[in-house]
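Notes follow the structure.
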Ligand code: ARG
């Protein structure tokens with residue numbers, strides 16, 4: 001689709017611009033709401049059907065209207081029509097294109113409708129599709145994480161708290177932690193879909209309409225699951241936008257965690273990750289550089305999504321009922337947040353798929369230091385020593401060992417014997433990281449068996465998501481079927 005070029009304010013001032021030109025340039029939303037045209041036309045087709053049903057349009061007029069709207073859709077999609085910024089917004093543009101195409105009948109379309117309920121509908125229709133597109137991108141990343149987790153077998157990794165060595169874990173377990181965050185992101189999006197997929201048409205400007213419009217027919221034609229209960233609420237709230245903006249911001253925040261780890265792990269100090277040559281950035285000065293640019297950019301882009309959420313919440317704050325023009329500001333924020341999440345998810349999935357883990361180095365790192373000190377305290381507690389007492393004894397020998405794992409192992413048997421009052425033989429290999437991992441066999445723990453169960457659960461969850469979005473896709477497809485010529 002093409003749009004007439006906007007002239008810059010400064011240059012046009014010199015060419016006798018009028019105050020109303022400035023007003024229009026400031027208030028016009030065409031340069032961003034052109035993105036709504038498909039939804040606007042589908043909504044108009046559904047509305048025209050309701051008008052025919054109410055006797056406002058004859059069957060012939062309905063046919064003319066629908067054919068005209070479809071032709072406009074075709075020409076817009078082929079870039080053969082231009083939207084005019086002087087006509088303020090996408091809604092006025094579509095209506096004016098229709099009227100020039102089919103004449104007086106086109107001027108009947110806005111009966112019983114206002115741009116206020118129209119724009120609320122368009123935003124709901126585009127949002128529900130953004131939700132599903134985001135879910136699909138998340139699914140691709142989840143698939144990739146799952147593959148990496150399976151590939152990593154029984155590779156070990158130091159687990160951290162406060163970015164200090166804490167307890168050893170399986171690499172697969174660590175990777176899957178990111179899977180479940182994304183899984184909840186999907187859950188949130190799907191719940192948001194339900195609240196979004198409700199038709200506001202029939203609310204009119206704010207109080208409803210004097211025409212006997214079949215609101216359910218409109219909702220059904222658009223694949224929506226019901227109609228709004230209060231016309232004033234319908235045109236004034238954008239809580240579904242705020243909710244989606246939050247979901248998108250949280251996805252980005254989740255991605256930053258994964259990115260941050262990949263960036264750290266790719267550093268020479270960690271050396272846990274080998275960056276894919278084709279997907280690493282270089283330096284214009286330092287020939288040796290291989291930088292994790294993709295992960296850094298995703299981390300950096302999170303600020304946009306968080307910023308857009310704050311902007312949406314702030315624009316909604318203190319708005320009196322019902323429609324206010326402030327609401328026009330929801331669009332750029334939501335659109336950019338959605339685009340940002342989409343490109344970020346895609347880039348990160350490609351990046352992660354190509355990444356190699358230096359499993360040997362990770363495994364060695366898991367042997368360094370006193371990462372099995374908790375296991376020793378647990379061992380004593382399992383023999384009846386109160387955990388606090390065991391903790392304090394092991395803390396003492398941790399300090400005494402100076403952080404050296406061999407010295408710690410020597411001190412460990414002595415400490416155990418003195419606390420237990422008999423010569424305690426710590427089982428062979430008790431302090432090895434793998435033994436520590438295997439002992440954490442609780443559901444959701446890091447043992448090989450628990451992780452295997454977790455992988456099964458993750459696969460089931462992916463399948464459940466795929467099943468549940470299939471019917472939502474069918475609902476969204478209705479818009480495109482209505483618009484198709
Ligand atoms: N461009 C407007 C928006 O995005 C459409 C509704 C305009 N309504 C009005 N009464 N001026 O919210």
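Read the figures in this text as sums done on the coordinates, not as results from a lab. Treat the numbers as computed from the prediction; the structure is a model and nothing was measured. Note: ideal-geometry Cβ built from the backbone for every residue, glycine included; neighbour counts use all protein chains shown.
A few notes on this one:
- Note on 56, 135: ascending count of other Cβ atoms within 10 Å places them as 56, 135, the fewest first.
- Within the chain, percent of DSSP bridges classed antiparallel, to nearest 5: 75 percent
- Calculated FRET efficiency for the pair residue 133/residue 229, C-beta based, R₀ 35 Å, to 0.05: 0.80
- Normalising the average separation of contacting C-alpha pairs (under 8 angstrom, six or more residues apart) by the number of residues puts the relative contact order of the chain at 18 percent.
- Counted by neighbouring Cβ atoms within 10 Å, the residues 144, 192 run from fewest to most as 144, 192.
- Each part reduced to its alpha carbon centroid, region 280-299 and region 407-485 end up 32 Å apart.
- Subtracting the Cα-Cα distance of residue 288 and residue 164 from their residue separation scaled by 0.36 nm leaves 41.7 nm.
- Remark: C-alpha extents of region 301-429 on the principal axes read 80, 41, 24 Å, sorted largest to smallest.
- With viscosity 1.306 mPa s and temperature 10 °C, the Kirkwood radius over alpha carbon pairs of region 109-161 converts through Stokes-Einstein to a diffusion coefficient of 105 µm²/s.
- Axis angle, to the nearest 10 degrees, between helix 59-77 and the longest C-alpha principal axis of the chain: 50 degrees.
- Treating each Cα of region 9-89 as an identical point scatterer and summing with the Debye formula, the log10 of I(q)/I(0) at q = 0.12, 0.17, 0.19 Å⁻¹ comes to -0.51, -0.79, -0.87.
- Region 83-207 - convex hull of alpha carbons, volume per residue in Å³: 179 Å³
- Kirkwood-type radius of region 158-241, with distances r between different C-alpha atoms, in Å: 16.4 Å
- Footprinting exposure proxy for 33, 293 (fewest neighbouring C-beta atoms within 10 Å first): 293, 33
- In plain terms, the bigger the Kirkwood radius, the slower the diffusion; for region 37-143, with that radius from Cα pairs, at 20 °C and 1.002 mPa s, Stokes-Einstein puts D at 144 µm²/s.
- Of interest is the spacing of the C-alpha centroids, which for region 159-196 and region 75-117 amounts to 46 Å.
- Dividing the C-alpha radius of gyration of region 216-329 by 2.2 N^0.38 Å, with N its residue count, gives 1.64.
- Rounded tilt (10° steps) of 37-53 against the dominant C-alpha axis of the chain: 50 degrees
- Value of relative contact order over region 148-291, rounded to a whole percent, pairs C-alpha under 8 Å and six or more apart: 16 percent
- Using the alpha carbons alone, the radius of gyration of the chain stands to its Kirkwood radius in an Rg to Rh ratio of 1.13.
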